[in-house]
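Participant: What follows is a structure written as structure tokens; I'll ask about it next.
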Amino acid sequence: MAEIDVEAVERIDEGDVPTGIDAPEYVLYGGKGGVGKTTCAAATGLASARDGTRTLVVSTDPAHSLSDTFECEIPAEATKIREEIPLYAAEIDPDAALENQAGMLGTDSPLGGMLGDEEDGPMASLLGGAMPGADEAAAMQKLIEFLDDDRFDRVVVDTAPTGHTLRLLELPEIMDTMVGRIVSLRQRFQGMMDGMKGMFGGDADPKEGMDDLDAMKAQIERLRTTLRDPSKTDFRVVMIPEEMSVFESKRLLTQLDDFDIPVGTVVVNRVMENLADVTDAVDSSQFVTPNLDSCEFCQQRWDVQQGALREAQEVFRGHDIKRIPLFADEVRGEEMLRVVAACLE
């Protein structure tokens, strides 16, 4: 692979890059942190909106970088970020969503008390601490609102790193556990119901809070049903060509399989290869490539990547594998996002 002695691209021919994408109404990018999920989600959302499809790109990752990628401020609520195309974006803040949810329910209700972040509150004391995954639950409920929003034809999700995503999928079981603990408490302290009513909000019936829990459980279960339907959802695993990333991605695939969530696409990001080997939609001569003839560092990294790619080819056999080259410049702004979108087609 010869070195191309030119500056990285400044302008590309918009007519050469894809308009629209071939995907169902929900596209989710998952994987460990730092592999490029945000870049892929932003590129997919941009390409989707370019053909007039009303598209929302939403991030559930607490370490938000969607604003940096799109080079504009993105709020927590779904907001149109481009005038010329129907592209919307939102960055869900789990802590803010948790606080808002607890505030709406009231911290004296069972659900509000568990979602609240006060570790010394009455419900936290009775239940042995704040509800596990409470921030994920609040963020997921916000995501469900976006998925149900009829303003959008497609929703592209930049998920949190692997561990957070899996905890979201485990929430129905967590909710079952919490409901069981509340029921157990009510049975054990039947004679103290008058005092308990005060903790649950004056004369309010504690069952109202149970109804809130049941409603949230139903919402999360409905989301899981959607994720399990390949006609509605395309879950895409993103990785980089390194041994540990291959291992992490393999483990994620196994865990998603345990939840009956099919993965059709695996994206390998930052591959040291010429853009022309990935897509012919963009003039690759405008991009610099690693010099494998005289750069010893480049050659060693190439060898590491080739070993990881061979392993990935075996591990992910049967999946649609997409590759994105390692670019000299950081992928930010619409110009580079359109190039990434071309690689994902």
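The values are calculated or read from the model by the stated rules, or taken from the named source; none is laboratory data. Quick caveat: nothing in here was measured; it's all calculated off a predicted structure. Here the Cβ is made from the backbone with ideal geometry for all residues, glycine too, and neighbour counts use every protein chain on show. Remember, those area values only see protein heavy atoms, side chains included, never the ligands or the DNA or RNA. Shrake-Rupley method; radii C 1.70, N 1.55, O 1.52, S 1.80 Å.
Participant: Would you tally the residues in the stretch 263-289 being free of Cβ contacts under 8 Å to residues at least 40 places away in the same chain and open to solvent by less than 50 Å² (accessible area, probe 1.4 Å)?
Facilitator: Result for the stretch 263-289: 1.
Participant: Does any residue of the stretch 286-301 turn out to be part of a helix (DSSP H, G or I), within 22 Å of G31 (Cβ to Cβ) and more than 23 Å from the chain's Cα centre (by Cα)?
Facilitator: Going through the stretch 286-301, the residues part of a helix (DSSP H, G or I) turn out to be 286, 296-301.
Imposing the further condition that a residue be within 22 Å of G31 (Cβ to Cβ) reduces the set to 301.
Imposing the further condition that a residue be more than 23 Å from the chain's Cα centre (by Cα) reduces the set to 301.
Yes, the stretch 286-301 contains at least one residue that is part of a helix (DSSP H, G or I), within 22 Å of G31 (Cβ to Cβ) and more than 23 Å from the chain's Cα centre (by Cα).
Participant: May I ask you to verify whether S48 is hydroxyl-bearing (S, T, Y) and either assigned to a strand (DSSP E or B) or touching a Leu at 6+ places or on another chain (Cβ under 9 Å) (or both)? Quick ask: steps written out before the conclusion?
Facilitator: Details: hydroxyl-bearing (S, T, Y): yes; either assigned to a strand (DSSP E or B) or touching a Leu at 6+ places or on another chain (Cβ under 9 Å) (or both): yes.
Yes.
Participant: Kindly list the number of the only condition in (1) over 22 Å from G36 (Cβ atoms); (2) open to solvent by 30 Å² or more (accessible area, probe 1.4 Å) that fails for L292.
Facilitator: Every listed condition holds for L292 apart from (2).
Participant: Also, I was wondering about something else. Return a yes/no flag: does the stretch 63-72 have any residue that is of a type outside the set (A, V, I, L, M, F, W, C), closer than 19 Å to C343 by Cα and modelled with pLDDT of 90 or more. Please lay out each step first, then the result.
Facilitator: Of the residues in the stretch 63-72, the ones of a type outside the set (A, V, I, L, M, F, W, C) are 64-65, 67-69, 71.
Imposing the further condition that a residue be closer than 19 Å to C343 by Cα reduces the set to 69.
Okay, now just the ones that are also modelled with pLDDT of 90 or more, so 69.
So far as the stretch 63-72 goes, yes, one or more of its residues are of a type outside the set (A, V, I, L, M, F, W, C), closer than 19 Å to C343 by Cα and modelled with pLDDT of 90 or more.
Participant: With the structure loaded, tell me whether Y29 is open to solvent by 20 Å² or more (accessible area, probe 1.4 Å), in a strand (DSSP E or B) and over 14 Å from E345 (Cα atoms) or whether it fails that test. Walk me through it before giving the result.
Facilitator: Numbers: open to solvent by 20 Å² or more (accessible area, probe 1.4 Å): no; in a strand (DSSP E or B): yes; over 14 Å from E345 (Cα atoms): yes.
No; evaluated as a whole, the condition is false for this residue.
Participant: Mind listing whichever residues of the stretch 217-246 are in a helix (DSSP H, G or I), charged (D, E, K, R) and open to solvent by less than 80 Å² (accessible area, probe 1.4 Å)? Let's see the steps before the verdict.
Facilitator: Filtering the stretch 217-246 for residues in a helix (DSSP H, G or I) gives 217-227, 243-246.
Now narrow it down to the ones that are charged (D, E, K, R): 217, 221-222, 224, 243.
Residues satisfying the conditions are K217, E221, R224.
Participant: Still on this structure: Can you report the number of residues in the stretch 308-345 which are open to solvent by 30 Å² or more (accessible area, probe 1.4 Å) and in a helix (DSSP H, G or I)?
Facilitator: Going through the stretch 308-345 one residue at a time, the tally reaches 8.
Participant: When you scan the stretch 12-23, do you find a residue that is modelled with pLDDT of 70 or more and surrounded by fewer than 18 Cβ atoms within 10 Å (Cβ to Cβ), even just one? If you could, list the steps in order and put the result at the bottom.
Facilitator: So the first thing to find is which residues in the stretch 12-23 are modelled with pLDDT of 70 or more, and the list is 20-23.
Now drop any that are not surrounded by fewer than 18 Cβ atoms within 10 Å (Cβ to Cβ), which leaves 20, 22.
Yes, the stretch 12-23 contains at least one residue that is modelled with pLDDT of 70 or more and surrounded by fewer than 18 Cβ atoms within 10 Å (Cβ to Cβ).
Participant: Same structure, new question: A42: crowded, with 19+ Cβ neighbours inside 10 Å and modelled with pLDDT of 95 or more, yes or no?
Facilitator: yes
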